[in-house]
Ligand code: FPP
């Protein structure tokens, strides 16, 4: 699990103004970091007259397929929004179904993640799911920490505004005790305090199910990301859908506020 106080280890280039532009400076590029808001499990189940949990189970299968496809296509980091800090508003039955599913996924998938070179990480505040799941999560993180093919980041009990507020609080604490001057509180300083600080900048954010909003996911990190909204319901997302999204991304001109 990422510790919020983990020091920043730049793994792209100096600072966070890094880009994943292809060699032609626009178009044809490949994203290093892709994030997905996996939406539509409930509607997928409803369309089939099934309970919501069936949609989440099918969603977990789509996670499996997507992780494998993303790794094969050279994506370095895949961040998936599995449970937002607002999802506690769902029925206790659905929350416990999702918790059980996550436990099942961790137990069942760990060997596959190992075999496929997947490093697992979590962001958010997953401790809220209780010590049983928290232990499984830290075991899985520990067990996969040397894997290098792809990093799978699961956002659990994650909320972007809370993440940014926590970063601001930590910087303010350091300023109060004189460790940091006010001038040093700049974009990079905030970025270094985020839970995503050691991964490449977010290049591509995908949301499934036809909803067109960010729902408090990676708000800071998405500042220059390309956004793709798909009508596909998450359980129907597969390697072909990922390829289509990567194709759209490759055709975009990324300018980061400049002109091409
Ligand atoms: C949104 O669909 C989906 C979720 C809140 C849960 C996502 C969880 C999974 C895909 C399964 C487990 C994840 C992992 C990483 C193993 P929704 O329920 O809001 O769908 P709806 O909008 O159609 O009701």
Practice task
Using packing as a proxy for protection, rank 28-36, 188-196 so that the peptide with the highest average count of other Cβ atoms within 10 Å comes first.
Solution key: 28-36, 188-196
Handout entry: Compactness of region 103-167 as Cα Rg over 2.2 N^0.38 Å, two decimals
Key = 1.16
Completion exercise
Candidates 215, 198, 91; GNM for the chain (alpha-carbon contacts under 10 Å) flags as most fluctuating 91
Problem - Of 43, 90, 161, the one that fluctuates the most in a GNM where the chain has Cα springs shorter than 10 Å - result: 90
Completion exercise
The correct pair for region 181-260, radius of gyration to one decimal and Dmax as a whole number, both in Å and from Cα atoms, is 15.4, 50
Fill in the blank from the handout: Averaging 1/r across every pair of distinct alpha carbons in the chain and inverting yields a Kirkwood hydrodynamic radius, in angstrom, of 19.1
Practice task
With springs connecting C-alpha atoms under 10 Å apart, model the chain as a Gaussian network and identify which of 37, 150, 164 has the largest mean-square fluctuation.
Solution key: 164
Completion exercise
Contact order relative to length for the chain, counting C-alpha pairs under 8 Å separated by 6 or more residues, stands in percent at 32
Practice task
Report, in cubic angstrom per residue, the convex hull volume of the C-alpha atoms of region 195-239.
Solution key: 98
Completion exercise
Here, residue 131 and residue 188, labelled 7 Å along Cα→Cβ, have an inter-label distance in nm of 4.2
Practice task
Find how much the distance from residue 65 to residue 89 grows on full extension, using 0.36 nm per residue of separation minus their present alpha carbon separation; answer in nm with one decimal.
Solution key: 5.8 nm
Handout entry: Ellipticity estimate at 222 nm from DSSP helix runs (n ≥ 4, -39,500 (n - 2.57)) divided over the chain, nearest 500
Key = -13000 deg cm²/dmol
Handout entry: Calculated SAXS-style log₁₀ I(q)/I(0) at q = 0.14, 0.18, 0.19 Å⁻¹ - region 113-260, Debye, Cα scatterers
Key = -0.91, -1.32, -1.38
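No lab work stands behind these numbers, since they all come straight from the coordinates. Source: prediction; values computed, not measured. Cβ sites come from the backbone with ideal geometry, for glycine too, and all protein chains shown count toward neighbours.
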